[in-house]
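> Supplied in structure tokens, the structure appears directly below.
Just so you know, all these numbers are worked out from the coordinates, no wet-lab data involved. Everything numeric in this text was worked out from a predicted model, so none of it was measured. For neighbour counting, all protein chains shown are included, and Cβ atoms are generated from backbone atoms with ideal geometry for every residue, glycine included.
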Amino acid sequence: MTARPVQPSSSEQPNIHFREVTFDILSDFLSNIHTQNILNVRTLSDNCGDFKTPGVVEYVFILCKEFKLDPLVGYSAVEILEKFMIKYIEDQFTCPSASGACGGGDGKMEELVFQSIRPQFPLFILSCVQLASKLSLHYKIVDNNMAMRFVQSTGYTVTKEKLLQSELTVLKLLNFSLSPTNPLTYVETLLGVLHHNEPWVALERMHELCLAVLQFTSLKRTSIYQALIRIVSKGTGLSQQHKERFAAIAEDCMLLSVGVIAVAAYIVDINTWEQVAQELSLITGVSMQSVMEFAYVILMHVTNNTDVLQ
């Protein structure tokens, strides 16, 4: 999987302060998410990324802040929502009743489907946040009472039955298979491995900065990845091949996590960040060039110097 996973110490294994994960669990988890990342990238839907737009992601983050949830819940909710909505829309387009109601015209059918989705979409988002909170290892979950109070505070009304039905719709369509992994899972796992291999890394400070950089990158997703593709294509424009690669690059959680950590390392100590980037490359197998290119693109957006990326 990687050129350099986790280095076992010759003496007794030290206690890993971040998340208190043992060496064996950390190593196994890294291997598992690496395998899952490869599988996810290879089996992408044609519509992947459509529900990770800045507005949707921001709305999810605001909901999590309102409910005082761990940031991990927000990223899980985005992944569940994306997976569910793609499947939901695909099913709607293949539904015979929808095709018959619009006379078989593709344009009319598309409009009919999206008209039916719009009123339900905010509730689907709320349900995905609720489900993500229940997947979390933390004690706090968003139950229907909390969800109802939130909806009522916005001036709308909803019954517990409707909330429950919305949750069940998400669960049933996904066959009750909700993956707990998300971009923050990758970041936190790699941070644990990085600190194990290089104990001098300021772990807590890095984690704090990674949270901010990952949130920023998620909200600036489109412009950041478009800039990265332009660098990959060496300014020749987005060919069809590069456009096809866009989705794969944008959904690569391992690439995203090394870029985020490299940027955090740059902010913490510009003198050692290349050493951190090199270690990340060895751990994940992502090339040093890719790590540095992605970190550069994110940094230019963070510092609002995107003109140099045009």
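> Using packing as a proxy for protection, rank 253-261, 52-60, 222-230 so that the peptide with the highest average count of other Cβ atoms within 10 Å comes first.
Those peptides, ordered most packed to least, come out 253-261, 222-230, 52-60.
> Another question, if that's okay. Run the reach check for Lys68 against lysines, Cα to Cα strictly under 25 Å, same-chain hits fewer than 8 apart removed. What comes back?
Lys68 reaches Lys52, Lys83, Lys134, Lys140, Lys160, Lys162, Lys220.
> Let me ask something else. Taking the simple approach of a point 7 Å from Cα along Cα-to-Cβ for both Gln115 and Ser177, what is their distance in nm?
With each label point 7 Å from Cα toward Cβ, the separation is 3.5 nm.
> Do you know the relative contact order of the range 195-310, to the nearest whole percent, from alpha carbon pairs under 8 angstrom that are 6+ apart?
It rounds to 28 percent for the range 195-310.
> Give me the percent of Cα-Cα pairs in the range 122-199 that sit more than 16 Å apart, rounded to a whole number.
60 percent
> Using Cα-Cα distances under 8 Å and only pairs 6 or more residues apart, what relative contact order does the range 114-181 have, in percent?
Dividing the mean separation by the residue count of the range 114-181 yields 34 percent.
> Further question on the same structure: Can you tell me how the range 147-187 classifies by the Cα gyration tensor, rounded, prolate or oblate, using a/c under 1.5 as the rounded cut?
oblate
> Is the range 158-283 rounded, prolate or oblate when judged by the Cα gyration tensor, a ≥ b ≥ c being the square roots of its eigenvalues, rounded requiring a/c under 1.5 and prolate requiring a/b larger than b/c?
Oblate, since a/c reaches 1.5 and b/c is not below a/b.
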